[in-house]
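Novice: Encoded as structure tokens, here's the structure I'll be asking about.
The values are calculated or read from the model by the stated rules, or taken from the named source; none is laboratory data. Predicted model only: the values in this text are computed from it and were never measured. All Cβ positions, even for glycine, are placed from backbone atoms using ideal geometry, and neighbour counts span all protein chains on display.
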């Protein structure tokens, strides 16, 4: 397995480690997933997300290249802004979902999922008919996500950048904890607010120690990937490899809002236009179990008669409400809000409501 600059730190802190996207990553610390979830919701926690991938795109045709390989309208970005988007795979599916950061009209940063770094790198190079300069900088960067309602106040103690002046899905490159050129990004995967920090990995220990020194007064705690999963599910954020993948189209996944047909030509545009006109056969839905149960990836979704109408892609029991929630694909006829569907758990049909 690959490691991050923090792997030894996680082990020293007693984290339960496991393979995630080929990296030895902390799933939870001795505090446990439920408590870690609530720390982020009510205070502030820090996630090691150094396994994520970073690609630089530079050149006169950088915008044209990104417009072609992604679905969202990159031309709408101003310098210092970020955008959520995805790359269609030429067959109606999704290569990856990602965030694009705009530095200038000739310089962009793509942040991609850890498990897709090699696949994405091959894809962008295969489709680089625009003569842009591409650099896979994934091995050079460490990344920490500092999330929670107390995150901004705590982070402000380590930088003279006015963090409150950085809007959502915007970023600045600034001095942080004595390190120059740290990317301070007002993004996140938790719905709890906060920043993601990108920096050369040789500064990993310095920034970690600085965070936990000022974090003493804020109850800062390290958070594992288990709580990251429960937090993103509570916010209904997709996870690549579960809720979206090479077989799911952006329209099926409810990502029509990042698919800008009128703005440009892009890979799979004609396919997706036809799919939009004809209507999709299945849709990704969010649901809440009406009885105490934990819906898990791969469970069948049924109608009242027990006929299979889809499958669960992600599911948990929320730590705060003890309600089982999940996401899954169902036949379009069953996708309306308030519809009652049934999750098949050990041959029992558990009612769930689409929300």
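Novice: Please indicate, with yes or no, whether at least one residue in region 174-184 is touching a residue at least 40 places away in the same chain (Cβ under 8 Å), more than 30 Å from residue 295 (Cβ to Cβ), under 14 Å from the mean Cα position of the chain (by Cα) and surrounded by 14 or more Cβ atoms within 10 Å (Cβ to Cβ).
Specialist: no
Novice: Only residues that are without any contact (Cβ under 8 Å) to a residue 60 or more places away in the chain and assigned to a helix (DSSP H, G or I): list them for region 111-131, please.
Specialist: 118, 119, 122, 123, 125, 126
Novice: In the list 163, 157, which residue meets the criterion of being closer than 28 Å to residue 36 by Cβ and surrounded by 16 or more Cβ atoms within 10 Å (Cβ to Cβ)?
Specialist: It is 163.
Novice: Starting from region 98-110, take each residue that is on the phi > 0 side of the Ramachandran plot and list its partners that are crowded, with 17+ Cβ neighbours inside 10 Å and modelled with pLDDT under 95, counting only C-beta distances under 8 angstrom and pairs at least six apart or across chains.
Specialist: none
Novice: Would you check which residues across region 277-297 are within 22 Å of residue 237 (Cα to Cα), over 25 Å from the mean Cα position of the chain (by Cα) and surrounded by fewer than 20 Cβ atoms within 10 Å (Cβ to Cβ) and list them?
Specialist: Of everything in region 277-297, those that are within 22 Å of residue 237 (Cα to Cα), over 25 Å from the mean Cα position of the chain (by Cα) and surrounded by fewer than 20 Cβ atoms within 10 Å (Cβ to Cβ) turn out to be 281, 290.
Novice: Against the conditions (1) in contact with a helix residue (DSSP H, G or I) (Cβ under 9 Å, 6 or more places away or on another chain); (2) under 30 Å from residue 40 (Cβ atoms); (3) surrounded by 17 or more Cβ atoms within 10 Å (Cβ to Cβ), where does residue 320 fall short? Just the number, please.
Specialist: (3)
Novice: Separate question: Does at least one position in region 273-295 carry a residue that is touching a residue at least 12 places away in the same chain (Cβ under 8 Å), closer than 21 Å to residue 73 by Cα, assigned to a loop (DSSP other than H, G, I, E, B) and touching a helix residue (DSSP H, G or I) at 6+ places or on another chain (Cβ under 9 Å)?
Specialist: no
Novice: Let me ask something else about it. List every residue pair whose Cβ atoms sit under 7 Å apart, with the two residues 6 or more apart in sequence or on different chains, where the first one lies in region 8-19 and is on the phi > 0 side of the Ramachandran plot and the second, anywhere, is buried (at least 17 other Cβ atoms within 10 Å of the Cβ) and at pLDDT 95 or above.
Specialist: Cβ pairs passing all conditions: 14/29.
Novice: Would you point out the residue of region 23-38, among those that are in contact with a strand residue (DSSP E or B) (Cβ under 8 Å, 6 or more places away or on another chain) and assigned to a loop (DSSP other than H, G, I, E, B), that is surrounded by the most Cβ atoms within 10 Å (Cβ to Cβ)?
Specialist: By that ranking, first place goes to 29.
Novice: Of all residues in region 51-81, how many are surrounded by fewer than 21 Cβ atoms within 10 Å (Cβ to Cβ) and assigned to a strand (DSSP E or B)?
Specialist: 4
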